[in-house]
Amino acid sequence: MFDAATLTTSLAIVTLGRLRRGPRHPGWSFHYELVNVFMARSLARMLRLPLPAAREAFRAVVRPEPVLRRVRTEKTVLGGVPCEWIVAVETAPDAPVVVHLHGGGWAYGGVDTHRAILCRLAIATGARVLAPEYRLAPEHPFPAAIEDAMAVVRSLGASGVPAARIVLSGDSAGGNVGAATLLSLRDAGDPLPAAAVLICPVVDLEACGGSMESNAPYDWITPASVRLAAEVYVARHAPSDPLASPLRAELRGLPPLLVQVGDAELLFDQARAFAERARAARVEVELDVYPGMTHVWHAFAPAIPALEPAFGAIGRFVRKHVVDQGAARVTAQESRGSLPAS
């Protein structure tokens with residue numbers, strides 16, 4: 001996916017464009033504009049490939065970073081779902097758990113493609129991060145990913161990790177699955193996680209107009225790619241189903257939410273509308289808007305200025321809403337599948 005030709009072409013586009021008209025978006029650095037053009041061209045190339053090759057291309061996003069050396073990992077299975085623990089080396093064995101659901105348009109990605117986000121979450125929150133490899137569409141369309149996420153959360157509870165020590169997190173399509181999982185757990189009468197973090201979530205599969213059009217010149221994802229991903233995910237189901245489009249759901253009774261979004265991304269309007277609807281339903285919500293940022297900038301190189309503030313906000317939110325260790329202590333022995341203390 002990230003080949004030299006794409007990088008060379010992107011570099012030429014940005015250089016010539018800035019010479020003619022200045023930055024594509026006010027306040028963008030050369031580096032950030034290059035990242036977005038590079039991602040946009042890489043995505044366009046990927047979507048022209050057959051699905052197996054496209055998935056391999058998506059995995060090529062992974063780049064080693066120094067942050068990866070500060071964590072340890074361990075594969076496990078919870079609720080029948082393959083998962084991986086990602087834990088910062090200094091984290092206590094009884095730390096709370098952040099279950100993070102990766103993005104990738106419901107059809108791509110996994111732990112490997114989102115390892116940078118997972119590692120940064122582990123370091124920023126001081127929690128044990130658990131990343132499920134939920135089933136992907138089109139082989140396993142809606143609601144398979146939601147069922148897998150529910151199974152993981154329930155298995156954590158059965159292993160001795162109380163809901164008050166769990167935070168559910170997700171980026172992009174994973175934010176969609178995370179919101180739907182909260183709704184499903186609520187409706188089933190299950191204990192809800194202490195809080196949830198939704199990073200640039202897709203919450204309305206039928207969204208059109210507004211930021212879907214006005215931010216199209218800036219974002220590296222496109223309206224067409226969002227529509228295609230939604231069609232693959234829902235298959236024969238209606239995209240208006242509240243579990244497919246959580247913006248349309250009754251949101252009362254959800255735990256505190258942190259919604260992060262960039263004001264230059266396609267999903268800005270729907271993320272903001274979701275936060276507003278949740279507040280109207282008496283849900284505690286923090287809407288965290290980052291000027292000039294595009295879709296899931298959290299996965300970009302460390303040089304992005306908004307990266308540290310975004311993860312810092314997530315860390316503060318998690319520490320604020322997870323119960324005090326003394327109130328609900330979970331030992332390593334009680335938490336089946338957790339990493340041993342080093």
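Among the numbered conditions (1) within 25 Å of residue 39 (Cα to Cα); (2) touching a Leu at 6+ places or on another chain (Cβ under 8 Å), the only one that residue 182 does not meet is (1). Could you list all residues from segment 219-238 that are within 26 Å of residue 32 (Cβ to Cβ), part of a loop (DSSP other than H, G, I, E, B) and out of contact with any His (no Cβ under 6 Å at 6 or more places or on another chain)? Scanning segment 219-238 gives 220, 222. Within segment 170-208, being part of a helix (DSSP H, G or I) and either of a type in the set (Phe, Trp, Tyr) or surrounded by fewer than 24 Cβ atoms within 10 Å (Cβ to Cβ) (or both) holds for 183, 184, 185, 186, 187, 188.
The rows are residues; the columns are (1) buried (at least 23 other Cβ atoms within 10 Å of the Cβ); (2) under 23 Å from residue 166 (Cβ atoms); (3) out of contact with any Asp or Glu (no Cβ under 8 Å at 6 or more places or on another chain).
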position: 268; (1), (2), (3): yes, no, yes
position: 271; (1), (2), (3): yes, yes, yes
position: 276; (1), (2), (3): no, no, yes
position: 281; (1), (2), (3): no, yes, no
position: 284; (1), (2), (3): no, yes, yes
position: 289; (1), (2), (3): no, no, no
position: 295; (1), (2), (3): yes, no, no
position: 302; (1), (2), (3): no, no, no
position: 305; (1), (2), (3): no, no, yes
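The set of residues in segment 50-66 that are hydrophobic (A, V, I, L, M, F, W, C) and either modelled with pLDDT of 95 or more or assigned to a helix (DSSP H, G or I) (or both) comprises 51, 53, 54, 57, 58.
Residue pairs whose Cβ atoms lie under 6 Å apart, separated by 6 or more positions or on different chains, with the first residue in segment 246-274 and in a loop (DSSP other than H, G, I, E, B) and the second of a type in the set (D, E, K, R), are 251/277; 253/186; 256/284; 265/219; 266/219. Scanning segment 10-30 for residues that are surrounded by 14 or more Cβ atoms within 10 Å (Cβ to Cβ) and part of a helix (DSSP H, G or I) turns up 10, 11, 13, 14, 17, 18.
Residue-level check: of (1) touching a strand residue (DSSP E or B) at 6+ places or on another chain (Cβ under 7 Å); (2) closer than 23 Å to residue 193 by Cβ, residue 89 misses just (2).
Note on segment 109-132: residues that are surrounded by 22 or more Cβ atoms within 10 Å (Cβ to Cβ) and either outside the structural domain of residue 196 (by TED's automatic domain parsing) or not in a helix (DSSP H, G or I) (or both) total 8. Looking only at residues in segment 227-238 that are under 19 Å from the mean Cα position of the chain (by Cα) and more than 30 Å from residue 127 (Cβ to Cβ), which one is surrounded by the fewest Cβ atoms within 10 Å (Cβ to Cβ)? The extreme case among them is 228. Scan segment 275-288 for residues that are more than 12 Å from residue 198 (Cα to Cα), among the hydrophobic types (A, V, I, L, M, F, W, C) and part of a helix (DSSP H, G or I) and the total you get is 2. Scan segment 209-218 for residues that are in a loop (DSSP other than H, G, I, E, B), surrounded by fewer than 16 Cβ atoms within 10 Å (Cβ to Cβ) and in contact with a helix residue (DSSP H, G or I) (Cβ under 8 Å, 6 or more places away or on another chain) and the total you get is 2. Are any residues in segment 120-134 farther than 14 Å from residue 169 by Cα and either in contact with a Leu (Cβ under 9 Å, 6 or more places away or on another chain) or without any contact (Cβ under 8 Å) to a residue 40 or more places away in the chain (or both), and if so, which ones? Across segment 120-134, there are no qualifying residues.
The values are calculated or read from the model by the stated rules, or taken from the named source; none is laboratory data. Not measured: the values here are computed from a predicted model. Here the Cβ is made from the backbone with ideal geometry for all residues, glycine too, and neighbour counts use every protein chain on show.
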